[in-house]
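Everything on this sheet refers to the single structure shown next.
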Amino acid sequence: MYLEYWQLAAKPFEPMPADTAFYYPGESAEGALSKLLYAVREGRGAAALAGPSGVGKTLLVNRLTRQLGAEEEPATVIHLVFPEMSSRDLLAYLAERLGAPATDSHAPGSIEESVRRLEALADANAGRKQRPVVVIDEAHLLEDCGALETLRLVTNFRSGGKPAFTLLLVGQMGLLSAVGRRPTLDERLDVKTLLRGFTAEETGAYIRHRLLAAGAERELFTGEGLQQAFALTGGYARRIDRLCDLALVVGFAERKPEIGAAELESVHRELVALGAP
């Protein structure tokens, strides 16, 4: 819609860009990524990634998945995005997605059958360098459905003397509190890391990086506009993307030569009026 006006080859602020060139290596994200890669590569049993909504946790998990998939012996990554299941359904889901061998159980889908399948999978993976990775998104919701205890038991599966899987719990800040109320699970988390929003300097660099990746050949946001973008979004990637995308739409409609602080403030007021988070 506005690409030709701003002389862009692609939309710069898509929330989940397929092109990895749009990824901005912020300090917090790169630190968290390093810790999670360590947990997987060293065959640790469990790790947790927590952060506020909209800070970029899913994007970081996608980058982790890409890096693991590009290694000499790629790790199988299972990503569960709707975790509110019963223990029976959760175990059956994991067994199926991980490709655990079938059994001759007379109770298919039962907890007993799923456990046997996961045990067989652990035995089959004993010689592999990389263990499967099980990512549980929105893991802060697991406390209400009682699945945290089930996941603790999943970490009991062993393969060649090491945990059979690396369990990665991803959720909002309440995740750490929920895990802390279960010391037997908390002590099994070998890595816990927080993802924060961008700093003011990183917010400006993020916006410039996205525009450059989209083909921008000149500055589209003023220096004051970049500072205002941080003030209005707190450095949260999702908020930045929404604000800047709409600002480019409005700037195109009003034939603005660039986006400044006043334009961003006007767009922000509209987003707040519409109830956008």
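The values are calculated or read from the model by the stated rules, or taken from the named source; none is laboratory data. Here the structure is a predicted model, which means the values were calculated and not measured. Counting neighbours? That spans all protein chains shown, and the Cβs are built from the backbone with ideal geometry, glycine included. Ligands, DNA and RNA are stripped out before the accessible areas are found, and what is left, the full protein with its side chains, is counted by its heavy atoms. Shrake-Rupley method; radii C 1.70, N 1.55, O 1.52, S 1.80 Å.
Counting Lys and Arg as +1 and Asp and Glu as -1, each charge on the Cβ, what is the dipole of the range 87-128 about the Cα centre in debye, to the nearest 20?
Details: 5 positive and 7 negative charges, 33 e Å.
Its charge dipole is roughly 160 debye.
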Could you tell me how many degrees, from 0 to 90 and to the nearest 10, lie between the Cα long axis of helix 237-253 and the main elongation axis, the longest principal axis, of the Cα atoms of the chain?
-> 30 degrees
Around ALA120, what is the net charge, scoring Lys/Arg as +1 and Asp/Glu as -1 over all other residues with Cβ under 12 Å from its Cβ?
-> -2
Between ASP104 and MET1, what FRET efficiency comes out of the Förster formula 1/(1 + (r/R0)^6) with R0 = 45 Å and r the beta carbon distance, rounded to 0.05?
-> 0.20
If one compares the long axis through the Cα atoms of helix 87-97 with the longest principal axis of the Cα atoms of the chain, the angle in degrees, nearest 10, works out at 80 degrees
Between ALA32, ALA48, ALA124, which gets the highest mean-square fluctuation from a Gaussian network model of the chain, Cα cutoff 10 Å?
-> ALA124
FRET efficiency, ASP123 to VAL81 (Cβ-Cβ, R0 41 Å, nearest 0.05) = 0.90
Check: in the chain the Lys pairs 8 or more apart or on separate chains whose Cα atoms fall under 26 Å apart number 10
Would you please give the FRET efficiency between SER177 and ALA231, computed as 1/(1 + (r/R0)^6) with r the Cβ-Cβ distance and R0 = 35 Å, to the nearest 0.05?
-> 0.75
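Could you state the accessible area per residue of the range 65-113 in Å², with a 1.4 Å probe and every protein chain left in place? It would help to have the intermediate numbers written out before the result.
Details: 2870 Å² over 49 residues.
I get 59 Å² per residue for this part.
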Among PRO52, GLY160, PRO132, the residue whose Cα sits farthest towards the positive end of the charge dipole of the chain, when +1 is placed on the Cβ of each Lys and Arg and -1 on the Cβ of each Asp and Glu, is GLY160
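Starting from 0.36 nm per residue, how many nanometres of slack lie between ASN156 and LEU37 once their C-alpha separation is accounted for? Display every interim value, and only then the final one.
Details: separation 119, 0.36 × 119 = 42.84 nm, distance 2.10 nm.
Length gained between ASN156 and LEU37: 40.7 nm.
Dipole size in debye (nearest 20) for the range 197-263 around its Cα centre, Lys and Arg Cβ +1, Asp and Glu Cβ -1? Walk me through the numbers on the way to the answer.
Values: 8 positive and 10 negative charges, 38 e Å.
Roughly 180 debye for the range 197-263.
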Round to the nearest 10 and give me the degree value, 0 to 90, for the angle of helix 111-124's Cα axis relative to the longest principal axis of the chain.
-> 80 degrees
Roughly speaking, to the nearest percent, how much of the range 32-173's 1.4 Å accessible area is carbon and sulfur?
-> 50 percent
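Taking 0.36 nm per intervening residue step and subtracting the Cα-Cα distance, what contour gain separates ASP186 from GLU71 on full extension?
Numbers: separation 115, 0.36 × 115 = 41.40 nm, distance 2.93 nm.
Taking 0.36 nm per residue and subtracting the Cα distance, the gain is 38.5 nm.
Take peptides 64-76, 143-155, 239-251 and line them up by average Cβ neighbours within 10 Å, highest first, as a rough protection proxy. Intermediate values should be presented prior to the final figure.
Values: 64-76: 13.9, 143-155: 17.5, 239-251: 21.3.
Peptide ranking by packing, descending: 239-251, 143-155, 64-76.
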Computed from these coordinates, which is P(r) over Cα pairs in 5 Å bins from 0, in percent: (i) 1, 5, 10, 12, 12, 10, 7, 5, 5, 4, 4, 4, 4, 3, 3, 2, 2, 2, 1, 1, 0, 0, 0, 0; (ii) 1, 6, 12, 17, 20, 20, 15, 7, 2, 0, 0, 0; (iii) 1, 6, 12, 15, 15, 13, 10, 9, 8, 6, 4, 2, 1, 0, 0?
-> (iii)
What is the extension gain from ALA200 to ILE111, computed as 0.36 nm multiplied by their sequence separation minus the C-alpha to C-alpha distance, in nm to one decimal?
-> 27.1 nm
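Percent antiparallel among DSSP beta bridges with both residues in the chain, to the nearest 5?
Numbers: 2 of 20 bridges.
So the antiparallel bridges amount to about 10 percent of the total.
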Among the range 28-68, those whose backbone N falls under 12 Å of a label point 7 Å along Cα→Cβ from THR20 are 62-68
Note down the magnitude of the dipole of the chain about its Cα centre, charges +1 on Lys and Arg C-beta and -1 on Asp and Glu C-beta and zero elsewhere, to the nearest 20 debye.
-> 560 debye
